[in-house]
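Reading through the C-alpha cells given below for one structure.
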Amino acid sequence: MSAVENNLYLPEKADIQRVLNLKDKKLPVFPQVAAKLLEAFRDDDVSLEDLTKIIETDPGLSVRILQIVNSALYGLTRKITALSEAIAYIGLDEIKKLAVEMTIFDKLFKSGQSGEFDRLLFWRHCLSVAVLSSQIAKETNYHEPEEAYIAGLLHDVGKIILDIRGKKNYGEFILQLTTSTDQVIEEERSFIGLGHDDVGAYLCEMWNLPDPLIKVVKYHHQSFEHLALKEREKHLISIVSLADFLCWTQGIGSFEFIRPPVLAPEVTATIDPDDFNVIGCIGKMNQEIEKISAFYQFVFPSADQIRKNILRANLKLSRANTRYYYREDPLRRLKKRAVDQKTSEMELEFGKSLARAKTIREVMDIVMYQIGRVFQPQNWSILLKDQKTSDLIFTVVVGVNKDKLTGARLRKGEGIAGYIIETGKSLVIKDVTKDDRFSRRVDKHTGFKTQSIIGTPLKTRDKIFGVIELINRIDDHTFSQEDLSLLSSIAEFAAIAIERAYYNQALTTLATRDGLTGLKNRWSFERAISNREDVIKNFGSIFSILIVDIQGIRQEGEGSEKILKKLALIMETTKRREDDIYRYGETAFVVILPQTYSEGSDRAKNRMSTRLSLAISEEGTSSLKTNLYTHTVSAEDTILLKEMISASLSKSVKPLKESKISDFEYSLQDLLEKEKIRQKEKDDKISNFGKTVSLRGRFVRLKTGESGHMRLEQVSLAAAGFRISRSHRIRVNDFLDISFTLDNLKRDVVERRAVVRDIKGNYVRADFYNPPPYAKNLGFYLMS
C-alpha cells in the first residue's frame with residue numbers, strides 16, 4: 001500500500017533534499033537493537049530469555065541495565081552481575097521500556113550538532129511524553145499502552161534529523177524562537193521549509209516502523225479529521241498530541257521556554273480532558289520520571305509545581321489557539337477582491353502580524369492599525385465592557401480627538417455601541433441624525449461631528465466583551481454593508497487573538513511569578529540554578545544567597561497578605577539592581593547576590609535587616625520577626641543550594657497558595673491599565689523623541705488633490721512640523737499624504753498620512769494618522 005493510500009501524505013524526496021544536507025551523507029539508521037525490541041513490544045509471548053538475547057547484542061545497553069539494577073533505585077543488598085538476573089529483577093514490562101528508550105537515546109538522540117539544542121532537555125521531554133501517553137492510554141481504555149509509550153518517545157524525532165542534517169542551522173532557529181510567539185511548528189515550516197512532523201514521518205517510513213507510529217509522528221501537530229483514519233489511529237494520535245501539550249504546560253518542553261502547541265480540534269473531540277483524571281495522570285508521570293531523573297541527570301519541575309490552574313489556563317489558551325489557527329485570515333479577502341491597487345499592494349497579513357504579538361497591547365495596536373489602513377475612518381475605537389457596571393469604556397482610541405475620548409464611558413445601553421453590545425448585532429448607520437439610537441453626548445464632549453458609524457461586537461464563544469466602532473470616513477463617503485461584513489470578520493479574528501494574548505501573558509506570569517507579591521517564584525529560582533553554565537553566566541563562579549524567613553505572619557490574620565506585600569516591596573527596593581529576589585515559600589524569600597563574597601553578603605544582610613525591622617516596627621506588631629541567613633557558594637555547588645535553604649528555614653515552611661487566572665473578559669480592562677502604566681514612560685520617551693531636521697518632502701491634500709513641496713523641520717514617531725508655500729488652502733483637521741526622505745545612509749523614504757492640528761503662517765503642525773506600530777526606519781533615525 002502506498003503512503004498516500006495509507007493516509008500518510010509524506011513529503012517527496014526532492015522536498016527532503018531541499019531541507020536536509022545529504023551530500024556524501026546518509027540519513028541515520030534506526031538502531032537494530034531498538035527495532036528488535038519494538039517487535040518484542042508487540043509480542044505478548046516474548047520471554048525474559050528472548051529479551052536477554054536481544055539486549056546482549058548491545059554491550060553498552062547491557063552495562064547500563066546492570067548499572068540501573070545496582071543503583072539506589074532498587075536498593076538491593078548484593079551486587080547483580082548477570083544480565084538475565086538483572087532483567088528478572090527489573091521485570092518484563094519495565095525492561096522493555098528501559099531498553100528501547102536507552103538504545104534510542106544512545107544511538108539517535110544523545111549527540112547533536114547545535115549547542116543551542118539541549119539534548120538532555122529534549123530527551124527529558126520525549127520520556128515525559130512517552131510516560132504520560134502510556135498513562136492517558138490506560139485512562140482512556142486504549143488497548144496498547146506500550147504502543148502509546150513508544151509513539152510518545154518518537155513523536156519529535158524529526159527535530160533530531162533537522163539538527164544533525166538540516167541545511168539551516170537548527171540552533172539559530174531555536175534562538176529565533178525566543179523572540180517569537182508563533183507556534184514552533186509554523187516557525188519551522190517558515191524558517192526551514194518543512195516541519196519536524198513531516199521530516200520525522202518520512203524517516204520513520206524509511207525505517208519501516210509500524211504505520212500507527214508513523215501517523216503519530218506525522219499528525220501530532222496537524223488536523224487529521226479529513227483523513228479516513230481508523231478510530232484506534234485517531235485515538236493514538238490524540239493521546240500523544242494531548243500528552244505533548246500537557247508536558248509543555250508543565251515546563252517540560254523540548255526547548256527552554258513555555259510554548260504549548262496547538263491542539264487540533266479533533267484531539268479534544270476524541271479525548272475530552274474533562275472525562276478523565278488529567279491531574280492524576282500527570283502526577284503518575286512525575287513519579288515515574290523522577291525515578292530515572294538521577295540516571296540522566298535531569299532537572300524537573302518539582303511535584304508542587306504541577307498546578308491545576310496552570311493546566312486550566314493552558315487548556316483555555318489551547319482552545320483559543322485552535323480557533324485562531326484553524327480560521328482564515330479575514331484580510332485575505334482584500335487580496336482576492338483586489339479592492340484597489342493601493343490596498344492590494346499593502347499585502348496585508350493580519351494573522352501573521354497578530355501571531356508575532358507578545359502582549360494584548362500589541363494585539364490591539366495591530367488590529368487598530370490594520371482597520372485604519374482598510375477602512376480609512378476619521379476616528380475608530382475599541383470599547384471594552386466594565387463587567388461590574390456594564391458601562392462601555394473607550395479603551396483604545398485612534399484618530400481625531402483621541403485624547404478626549406480615551407477613558408470616556410458610555411452608560412449601559414447608551415448609543416450605537418451600547419446597542420451593539422446589548423444585542424450582539426453588527427450595525428452600519430449611514431446617517432446618525434436619522435437614528436434614535438445615536439447618543440450626542442460624546443460629540444458634545446469632544447466637539448466632533450459624527451455622520452456615519454459602523455460597529456461590530458468583540459466576542460469569544462458566547463460572551464461579548466467589547467465593541468469595535470468606526471466613525472466617518474476620510475473621503476466623506478458612508479460605510480457600506482460590505483464594509484460591515486469585513487469588519488465583522490476582522491473583529492472575530494481580533495477577539496480570538498486578544499484572548500490568546502491574555503492567556504499567554506497570564507500563563508507566563510502564573511508560571512514564573514508569585515501572584516501576591518509579583519516577585520519571581522520558587523519555580524523560577526529552581527530553573528535559575530539548574531544549569532551550571534547559566535549560573536556562571538548570570539551570577540558568576542562565586543556568589544551568595546540571602547535567605548529571609550518572616551515568622552509570626554500567620555498571627556496577623558486578614559492583614560497578613562497586606563504586610564507581606566509591603567515587606568516584599570521593601571526587599572525589592574533594598575536589593576541591588578543586579579540582585580534577583582524570589583518568593584520561595586509562604587513566608588520565605590531568597591535573594592541571589594551575583595559575584596558577591598561573604599563580606600558583601602553580610603553588608604546586604606545588615607542593610608536588608610535594618611529596613612525590614614523598621615517596617616515591622618511601623619506596623620506596631622510584636623508577633624513578627626525576621627531571620628536572615630547568608631551563604632557564599634561556588635557555581636559547582638548549586639546542587640546543594642536547596643538543601644542549604646531547607647536547613648536554614650523553619651521546618652513549617654508552607655508552599656505558596658495557588659494563583660488563579662480569571663476568565664479574560666473580567667480582567668482585560670485592568671490588565672490593559674497596568675500595561676499602560678508600565679509602558680507610559682517608554683512610550684512617552686519614544687513618541688516624544690522629537691528631532692529638529694531639515695528634510696525635503698511633498699504633500700497632497702486629500703480633499704482637493706492639490707500638492708506641493710514642503711520642508712520638514714520637526715519630526716517624531718507621532719507628529720511632524722513643516723513649512724509649505726503660503727498660497728495654500730489647507731485648513732485645521734484636513735488630511736494630508738506626506739512623504740519625505742531621511743538624510744541617513746539608506747536615504748529611506750517615509751510616507752505618512754497626517755491630520756492638520758495647527759497652522760501658523762506657512763508652518764503646519766500635523767499628527768500622523770494611524771502610524772504603524774513598528775516603524776523601524778524612522779525609529780532608528782530618531783534615536784541616532
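The values are calculated or read from the model by the stated rules, or taken from the named source; none is laboratory data. No experiment lies behind these values; they were computed from the predicted model shown. Note that we place each Cβ from the backbone using ideal geometry, even for glycine, and neighbour counts take in every protein chain shown. For the accessible areas, the whole protein counts, side chains as well, though only heavy atoms, and no ligand, DNA or RNA atoms are used. Shrake-Rupley method; radii C 1.70, N 1.55, O 1.52, S 1.80 Å.
Brief remarks follow.
- Environment charge of residue 118, counting only residues whose C-beta is closer than 10 Å and scoring Lys/Arg +1, Asp/Glu -1: 0
- Two-decimal Rg/Rh across the stretch 692-784, once Rg and the Kirkwood Rh are taken from alpha-carbon atoms: 0.94
- Dipole magnitude of the stretch 470-585, debye to nearest 20 (Cβ charges: Lys/Arg +1, Asp/Glu -1, about Cα centre): 780 debye
- Ranked packing of 220-227, 620-627, most packed first, by mean Cβ within 10 Å: 220-227, 620-627
- Accessible surface of the stretch 388-521 [probe 1.4 Å, protein heavy atoms]: carbon and sulfur percent: 46 percent
- Computed extension gain for residue 206 through residue 704, at 0.36 nm per residue and net of the alpha carbon distance, reaches 172.5 nm.
- 3J(HN,Hα) from dihedral phi, the stretch 490-498, Karplus parametrisation 6.51/-1.76/1.60, rounded to Hz, x for glycine, proline: 4, 5, 5, 5, 5, 4, 5, 5, 5
- Using a simple spin-label model with pseudo-atoms 7 Å out from Cα toward Cβ, residue 118 and residue 167 lie 3.1 nm apart.
- Per-residue surface analysis assigns residue 124 an accessible area of about 10 Å², computed on protein heavy atoms at 1.4 Å probe radius.
- For the stretch 444-512, the dipole from Cβ point charges (+1 on Lys and Arg, -1 on Asp and Glu) about the Cα centre works out to 300 debye, to the nearest 20.
- Between residue 425 and residue 176, the modelled labels are 4.9 nm apart [label points 7 Å from Cα along Cα→Cβ].
- Projected over all directions and averaged, the alpha-carbon convex hull of the stretch 364-493 occupies 7.2 nm².
- Sum of side-chain charges, residue 612 neighbourhood, beta-carbon under 14 Å (Lys, Arg +1; Asp, Glu -1): +3
- Among 753-761, 732-740, 196-204, 32-40, sorting by the average number of other beta carbon atoms lying within 10 angstrom of each residue, highest first, gives 196-204, 32-40, 732-740, 753-761.
- Sorting the Cα pairs of the stretch 421-574 by distance into bins of 10 Å, from 0 upward, gives 8, 21, 19, 14, 16, 15, 6, 0 percent per bin.
- Over the stretch 510-606, the fraction of Cα-Cα pairs per 10 Å bin, rounded to whole percents and listed from the shortest bin up, is 15, 46, 30, 7, 1.
- Each label point was placed 7 Å from the Cα along the Cα-to-Cβ direction; for residue 71 and residue 691 their separation is 5.9 nm.
- Sites residue 737 and residue 404 - FRET efficiency at Förster radius 22 Å, r taken between beta-carbons, to 0.05: 0.30
- Cleavage-rule hits, GluC sites (Glu not before Pro), the stretch 551-626, DSSP coil, Cβ neighbours within 10 Å at most 15: 578
- Relative packing of peptides 778-784, 483-489, 361-367 - highest average C-beta neighbours within 10 Å first: 361-367, 483-489, 778-784
- Hypothetical label at residue 621: residues of the stretch 532-568 whose amide nitrogen lies under 15 Å (7 Å Cα-Cβ projection): 549-568
- Restriction of the chymotrypsin sites (Phe, Trp or Tyr not before Pro) in the stretch 502-562 to DSSP coil positions whose beta-carbon has at most 14 other beta-carbons within 10 angstrom yields no sites.
- Long pairs among 402/562; 284/358; 565/642; 385/566; 459/562, criterion Cα-Cα beyond 29 Å: 402/562; 284/358; 385/566; 459/562
- For the stretch 383-427, convex hull volume per residue from C-alpha positions, Å³: 76 Å³
- Calculated FRET efficiency for the pair residue 639/residue 272, C-beta based, R₀ 45 Å, to 0.05: 0.65
- With 0.36 nm allotted per residue and the present C-alpha distance subtracted, the residue 434-residue 613 stretch has 57.6 nm of extension available.
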